[in-house]
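Contents: one structure, followed by commentary.
The values are calculated or read from the model by the stated rules, or taken from the named source; none is laboratory data. Keep in mind the model is a prediction, meaning the values are calculated, not measured. For neighbour counting, all protein chains shown are included, and Cβ atoms are generated from backbone atoms with ideal geometry for every residue, glycine included.
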Amino acid sequence: MPILGAYIVPHPPMAITEIGVGSEIQIIDTVVGCTRVAKEIAELAPDTIIFISPHSPSYQDRFYVAKGDTAKGSFANFNAPQVRFNEKMDSELANKIIEEAGALNIPTDPDGVNADLDHGIMVPLRFIKLKNYEAKIVRIGISGLSFEDHFKFGQAICKAIDSLDRRVVVIASGDLSHKLQEYGPYGFAEEGVEYDKRIIELISNNELSKLMDFEPDFLDKAAICGHSGFIMLSGVIDGLGLEPVFVSHDDITGVGYGIFLFHRSQEPQ
C-alpha cells in the first residue's frame with residue numbers, strides 16, 4: 001500500500017529555533033512531538049509528502065492543488081529570512097489528484113497558482129529537513145465547501161495515490177482552538193477547551209467520522225484552525241486500517257497544538 005502513514009501536526013512558528021530563539025521551550029512537548037514525526041517520516045522514506053494546510057490559498061467553492069515543478073518560501077515574515085525552502089513538487093501526483101477529484105464532481109482551482117510556501121507547510125517541513133531527508137511535495141488547501149466535500153476530496157487523494165507508483169505520507173497541518181487562555185492572543189472561550197478535549201478523545205478512539213458532527217457555530221466560538229483539513233485526512237485514510245496514536249497536546253500559549261500519528265501497526269521500536 002503506497003500510503004505509508006498519516007499525521008496531524010500543528011504549525012507554531014515559535015517551534016522553529018531560529019524564530020523561537022529560546023521561547024520554544026514553552027511548547028517543548030510540541031517540539032519533541034514534531035521531531036518524532038520528522039524522524040518517523042525520514043525512516044519511512046516516502047517519495048512524496050502531501051501537505052494539507054489551512055494557510056495555503058483557499059476558495060469558497062473549490063479546492064487548491066498547487067501546480068508547478070518547484071516551490072519556494074522562507075520564514076522572512078517571522079524574522080528568520082535565513083530559513084529558506086526550495087522544494088521539488090510532485091506534479092504528476094498533483095494532476096492525478098485533480099483528475100480523481102473531477103471524477104467525484106469535486107471542483108479544484110483550474111489555475112493552481114504556485115504561491116509561496118506557507119507556514120502551515122514550512123513548520124513541519126523544517127523538522128523533516130533537519131533530519132536530512134528530502135522528498136517531493138504536493139500542496140493542498142481547504143475550502144468553504146462542506147465537510148462532506150472535504151471528506152470526498154480526501155478519498156480522491158487516496159485514489160490518486162493508489163493509481164501511481166508512489167510511497168506517500170500525508171500531513172494535515174492545523175492548530176486546534178485559539179481560545180484556551182485568557183492571556184492568549186485570542187482570549188478564552190469554554191468552547192475552545194471543549195473542542196480540544198473532544199478532538200483528542202475522538203481521534204484517539206479512531207472515531208474520525210465524528211469530526212463531521214461539529215456545529216459551525218461551536219467551531220467559530222472555539223476559533224479553530226485545522227478542522228476541515230483533519231476531515232480531508234480522514235477521507236484519505238478511510239478504510240486503510242491505520243491506527244491513531246496520540247502524541248501530545250500543548251495549550252500554554254492559548255493555542256492548542258495537538259499531534260497524532262496514524263500507523264499501520266504498533267508504534268515503531
### Task
Go through the range 251-265 and give me each residue that's of a type in the set (Ser, Thr, Tyr) and in contact (Cβ under 8 Å) with a residue 40 or more places away in the chain.
THR253, TYR257
### Task
May I ask you to say which residue of ASP149, ASP165, ASP196 is in contact with an Asp or Glu (Cβ under 8 Å, 6 or more places away or on another chain) and acidic (Asp, Glu)?
ASP196
### Summary
Restricting the range 106-138 to residues that are among the acidic types (Asp, Glu) and either within 17 Å of the chain's Cα centre (by Cα) or closer than 26 Å to ILE28 by Cα (or both), the one modelled with the highest pLDDT turns out to be ASP118
## Note on the structure
Restricted to the range 177-223 and to residues being touching a Gly at 6+ places or on another chain (Cβ under 8 Å), of a type in the set (A, V, I, L, M) and under 20 Å from GLY144 (Cα atoms), the residue surrounded by the fewest Cβ atoms within 10 Å (Cβ to Cβ) is ALA223
### Task
Select from the range 32-62 the residues that are part of a loop (DSSP other than H, G, I, E, B) and among the acidic types (Asp, Glu) and write down the one among them that is farthest from the chain's Cα centre (by Cα).
ASP61
### Query
Within the range 237-249, can one find any residue that is over 23 Å from ILE25 (Cβ atoms) and charged (D, E, K, R)?
yes
### Message
For the structure I just gave you, tell me whether LYS210 is at pLDDT 95 or above, basic (Lys, Arg), closer than 16 Å to LYS152 by Cα and more than 15 Å from the chain's Cα centre (by Cα).
### Response
yes
### Task
Being of a type in the set (Ser, Thr, Tyr), touching a residue at least 40 places away in the same chain (Cβ under 8 Å) and in contact with a strand residue (DSSP E or B) (Cβ under 8 Å, 6 or more places away or on another chain) narrows it down to one of TYR64, TYR133, so name that one.
TYR64
### Query
How many residues are out of contact with any Lys or Arg (no Cβ under 9 Å at 6 or more places or on another chain), within 18 Å of PHE230 (Cβ to Cβ) and in a loop (DSSP other than H, G, I, E, B) if we restrict to the range 117-143?
1
### Task
Might you let me know whether the range 228-242 holds any residue that is free of Cβ contacts under 8 Å to residues at least 60 places away in the same chain, buried (at least 18 other Cβ atoms within 10 Å of the Cβ) and out of contact with any Leu (no Cβ under 6 Å at 6 or more places or on another chain)?
no
#### Entry: Hits in the range 50-107 - residues which are closer than 20 Å to ILE142 by Cβ, among the acidic types (Asp, Glu) and surrounded by 17 or more Cβ atoms within 10 Å (Cβ to Cβ)
ASP90, GLU100
